[in-house]
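Below: one structure, written as structure tokens.
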Amino acid sequence: MSQVNRLTNGGRIDRSQPLNFSFNGQSYQGFAGDSLAAALLANGVDIVGRSFKYSRPRGIVAAGSEEPNAILQIGSTEEAQIPNVRATQQALYSGLVATSTNGWPSVNTDMMGILGKVGGKMMPPGFYYKTFMYPQNLWLTYEKYIRKAAGLGRAPTEVDPDSYDYLNQHCDVLVVGAGPAGLAAALAAGRSGARVILADEQEEFGGSLLDTRELLDGKPAAEWAAEALAELQGMPEVTLLLRATVNGYHDHNFLTIHQRMTDHIGEVAPMGMVRQRMHRVRAKRVVLATGAHERPLVYANNDVPGNMLAGAVSTYVRRYAVLPGRKLVLSTNNDYAYRVVLDWLDAGQQVVAVADARTNPRGTWVEQARARGVRILTGSAVVEARGSKRVDAARICAIDVAKHKVTSSGEVLDCDLIVSSGGYSPVVHLASHLGGRPTWQADLLAFVPGEGLQKRVCAGAVKGVFALGDTLADGFEAGVMAAAEVGFDAAVGTLPSVEQLNEEATVALFQVPHDKSTARAPKQFVDFQNDVTAAGIELATREGFESVEHVKRYTALGFGTDQGKLGNINGLAIAARSLGISIEQMGTTMFRPNYTPVTFGAVAGRHCGALFEPKRYTAMHAWHVANGAEFEDVGQWKRPWYFPKNGEDLHAAVARECLAVRNAVGILDASTLGKIDIQGPDAREFLNRVYTNAWTKLDVGKARYGLMCKEDGMVFDDGVTACLADNHFLMTTTTGGAARVLDWLELYHQTEWPDLKVYFTSVTDHWATMTLSGPNSRKLLAEVTDIDLDKDAFPFMAWKEGEVGGVPARVFRISFTGELSYEVNVQADYAMGVWQKIIEAGKKHGLTPYGTETMHVLRAEKGFIIVGQDTDGSVTPDDLNMSWCVGRNKPFSWIGLRGMNRQDCVREQRKQLVGLKPVNPQQILPEGAQLVFDPKQAIPMTMVGHVTSSYMSAALGYSFAMAMVKGGLQRIGERVFAPLVDGSVIEAEIVSSVFYDPKGERQNV
Amino acid sequence: MLNIFCPHCGETRSEEEFHAHGQAHIVRPENPAECSDEEWGDYIFFRDNPRGIHHELWVHSGGCRKFFNATRHTVTYEIYETYKIGEKPSVTEASVAAAKASAQGVTA
């Protein structure tokens, strides 16, 4: 295919570098420097997709980020798929593969289009709400087909091969946008020595300077831009970010910039390169030079391919040397649009006519066009485009703008391109991200940035300064102001000379009137991406939607991936006219980040795969891996779950490990338990206040179990705390609660009791803990320690210092299994050696390593709770039958005491922790199962509790569970029932929660 | 993302290093036993939710681990000041109202 629409000269493309690409399976060729959209237009591709609702053919409308139609799927392989890429913002590269995101079986012959034609009248706004609402449970079914028909692009199903990253940046001045105002601001700020970041979303810096026909200092404006860029590149404190969209303006001048590093090179980044980068910038000052988007006029059939923005056509002609047609008609309400007429004539093409809504336009460019023989129909507009897959004529009528009426039957002119311009909408998005509502400026017919809380300056077209010379001056001033505010001495310097243009005022025209009413006229599109028409907006207002936010939601105006960059202002104007109020009264919808869509890759950065979350390993991890452990995640820790032998499954391994502990000895890596070192003369008093039980009489060398509550009286952590010296304690916490507990202690110490002299240090990672548990544990430990393990010298709930495995150790004689048990703590860097010595010495004692699952079973057999499993933040110590652990007579009103005395905490029939013994000893109750007293009751049944822990016990020979049951402690011996999802019911007897060794004799030997 | 000055570190750091702990200046009753259930409920659960000036408790959890207070505007998210536990805020709803009145030429 030849590039039928390519000019032989001009443009910023490199004709010596042809690039092959494909679109919808067809091969084409473009040139280096093309955008995908430019290359498609160069090849005469009219239809790039089908519309969202009516499935009408759509072509390229714009040349920048505001493009609503050319939203394509890019990628030649599954892993490289990117949905919803704006063809106008995608640089062409060799081998690019693009497809339309919608249209079936193809965009040129679309089956859905017939539905659109037939169903057009049947699909008013709110159609989906009204039609697919009932029955509600079928919505998921409808949604699948609606989405398929709507064409929202698709995510890749294979893993993205590229890497993405973040970069944190700090600067004095961030300049957003590198058009005339942005370049000028960056120059002014950069010259002062300030640290400047200049970011622009395009493939080249320069913005409108790259394609304007205006001259600066008598030379093409692009030359001035090149000089400015060269100067900026020479400044060491200036960072230039190309292909970098400032997508979000967040609190305290924090901005996120999405930079596409290699998307212009190929679909996969070259080896060793990051594909996209998220810059997280904290800027002392921001200059917003985001420019303005041209607004199309709204007229009948304005969506037929061949209807484009006036300025976009200038860009295609001058920057890309592409002619998107041959015979042009312009419909405008302003002077600026006339440049397309002059550019079109310069390109040797035919201008059929200009329809100008104003009655007597006399601006410089208008006169230039007139002088070159262009037919200008004043007081007129294109009211209707003709053609189905491509514009073939335009109907121009005289109109009365004030009365919104067509005043002549008009004439139909043959043409293949209708360009329109309804004025310019400043890109106020970033200025409004933090809630500053834009304000309507009637003389400009534009919303400009409102009061900003951010430390920002706006420059150029974003604040309604459109003339090139004024824009440059404004940019320089903004740069000076921003730099000066952060302490840099900046000066404006000399401005390039610009030819002063005589400019005629714009007339307020948004929707062009039609001889038929809006509802009966051919469709006049406002939002191309979501197929919102002028008639739809009028209908919404008639149906009572008056707030701009409601109109938006009812019609879907501005809900597309383009966020209504083209259509929103027109939509507001139509709604305002329909309601008989001003645009100012109508107001705008909220602008929210992101300005343009951001890939998930860029959002995730490096935080994916192995780097998604930090992992914590104990000192013995390598041994666990070598010995075949299966691991469980507990918080960020990797804990051995069980150690399967000879292909055992979980249940077989746990049964074996349990019996080993009960009958011989087991070893558990308990290093992950939180450990907090507490020191100070008031340490003991502090413990008295944060634990429910008493600590006054705990002697040095002894340890005690403690429960911690919140002020509401509910249990939130537990653990054993040992007295190392009179003013020195070591607290242990649950593995998952370690950070939370330390924070809690600090909170109360720093805010409530700063007078207490006490200090907290996390020592979780400093000490490794190995628990020896089982009747043989004393014999085994004796072989590797110098500590006297005699049962009287080293009783239960005591701790000793000595050597284990040849290194200094603290040994705590505490038990979470009910067996004779020692917790050996050594410095983490010695731990692997000690562990291996114990394993070696344990061979003849039947030492078996066990994991968290066995630990859970063993503790449950003893009725020991796990906070967070058996409790859920609504459980008091009394509910747990742990009143023995509550020191009600302690002098200080400790945390939780007042809470647990509240009326609700002392009432009858609270849920209480009990044991459950299934009647069928082989049945295991599912954890979380709801319990009822009467299984025959009709649904909804009265639920009286739930199962918190449930296991098969190898030692007991039957299944058992722990459960919270209403008034359970008074119901020992009664039956409860667990009705399950599959309709079956498990019956169980309520029993004591202590199943094994109820007298606690085994740990006291 | 907020930029917060830690009065203990003496540096302005990103919000990621901090955790918010809700309303500041909630004092634990001197004698909890004398509180009614309702008073105790108010102390634990009930907090102001103003539109405007709000004094908040923050902790520099990824830094010095110290708690401090911040005066923040709940609409603009502007942080007027941060101050140590035990100190009083210099910007309050009343002080802002007074400043506004004086700017408009109204005297008390």
Legend entry - Counted charge near A:G177, where neighbours are those whose Cβ lies closer than 10 Å (Asp, Glu -1; Lys, Arg +1): -2
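Nearest-5 percent of antiparallel DSSP beta bridges in the protein assembly as shown?
75
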Inset, instruction - Please tell me the relative contact order of the range A:296-422 in percent, rounded to the nearest whole number, where contacts are Cα pairs under 8 Å and at least six residues apart. - result: 34
Legend entry - Helix axis angle, A:738-747 relative to chain A longest principal axis, alpha carbon, degrees: 90
Legend entry - Built amide H within the under 5 Å cut-off of A:Q17, gap 5+: A:A32
Inset, instruction - Only Cα pairs under 8 Å and at least 6 apart count here; give the relative contact order of chain A as a rounded whole percent. - result: 9
Legend entry - Separation between Cα centres of the range A:334-363 and the range A:420-445, rounded to whole Å: 25
Legend entry - Across A:K702/A:K837; A:K455/A:K552; A:K455/B:K100; A:K405/A:K463; A:K615/B:K84, pairs whose alpha-carbon gap is larger than 25 Å: A:K702/A:K837; A:K455/A:K552; A:K405/A:K463; A:K615/B:K84
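How would you rank A:K837, A:K565, going from fewest to most other Cβ atoms within 10 Å of each one's own Cβ?
Ascending Cβ contact count within 10 Å gives the list A:K837, A:K565.
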Legend entry - Residues with amide H under 5 Å from that of A:R243, placed H, sequence gap 5 or more: A:D200, A:Q202
Inset, instruction - Work out from phi, with θ = phi - 60° and the Karplus expression 6.51 cos²θ - 1.76 cosθ + 1.60, the ³J(HN,Hα) of each residue of the range A:832-846, listed in order in whole Hz, and give x for Gly and Pro. - result: 4, x, 5, 4, 5, 5, 5, 4, 4, 5, x, 3, 7, 9, x
Legend entry - Estimated vicinal HN-Hα couplings, Hz - the range A:379-393 in sequence order (Karplus 6.51, -1.76, 1.60; Gly, Pro = x): x, 9, 7, 6, 9, 7, 8, 10, x, 10, 9, 7, 4, 10, 6
Inset, instruction - Report, by chain and number, residues whose modeled amide H sits under 5 Å from the one on A:K911, excluding near sequence neighbours (fewer than 5 apart, same chain). - result: A:G967
Legend entry - A:W835, A:W767 arranged by Cβ crowding within 10 Å, fewest neighbours leading: A:W767, A:W835
Inset, instruction - State the Cα centre-to-centre distance between the range A:612-626 and the range A:170-223 in whole Å. - result: 52
Inset, instruction - Determine the relative contact order of chain B: mean sequence separation of Cα pairs under 8 Å and six or more apart, normalised by residue count, in whole percent. - result: 23
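Could you compute the net charge surrounding A:S547? Neighbours are other residues with a C-beta less than 14 Å from the C-beta of A:S547; K and R count +1, D and E count -1.
After counting each charged neighbour, the total is 0.
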Inset, instruction - Starting at the first residue of the range A:646-660, write each ³J(HN,Hα) from the Karplus equation 6.51 cos²θ - 1.76 cosθ + 1.60 with θ = phi - 60°, in whole Hz, x for Gly and Pro. - result: 6, x, 4, 8, 3, 5, 5, 5, 5, 4, 5, 5, 4, 5, 4
Legend entry - Test item: Cα-centred dipole of the range A:404-522, Lys/Arg +1 and Asp/Glu -1 on Cβ, debye: 660
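What does the net charge come to around A:V1005 if you take all other residues with beta carbon closer than 14 Å to its beta carbon, with K and R at +1 and D and E at -1?
+2
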Inset, instruction - Find the centroid of the Cα atoms in the range A:533-567 and in the range A:820-844, then give the distance between the two in whole Å. - result: 70
Inset, instruction - For each of A:V480, A:V700, A:V287, count neighbouring Cβ atoms within 10 Å of the residue's Cβ, then give the residues from fewest to most. - result: A:V700, A:V480, A:V287
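Taken together, the values in this text are just the output of simple stated rules run on the coordinates, not laboratory data. Just so it is clear, the model here is predicted, and its values are computed rather than measured. Methodologically, a virtual Cβ is constructed for each residue, glycine included, from the backbone with ideal geometry; neighbour enumeration extends over all protein chains shown.
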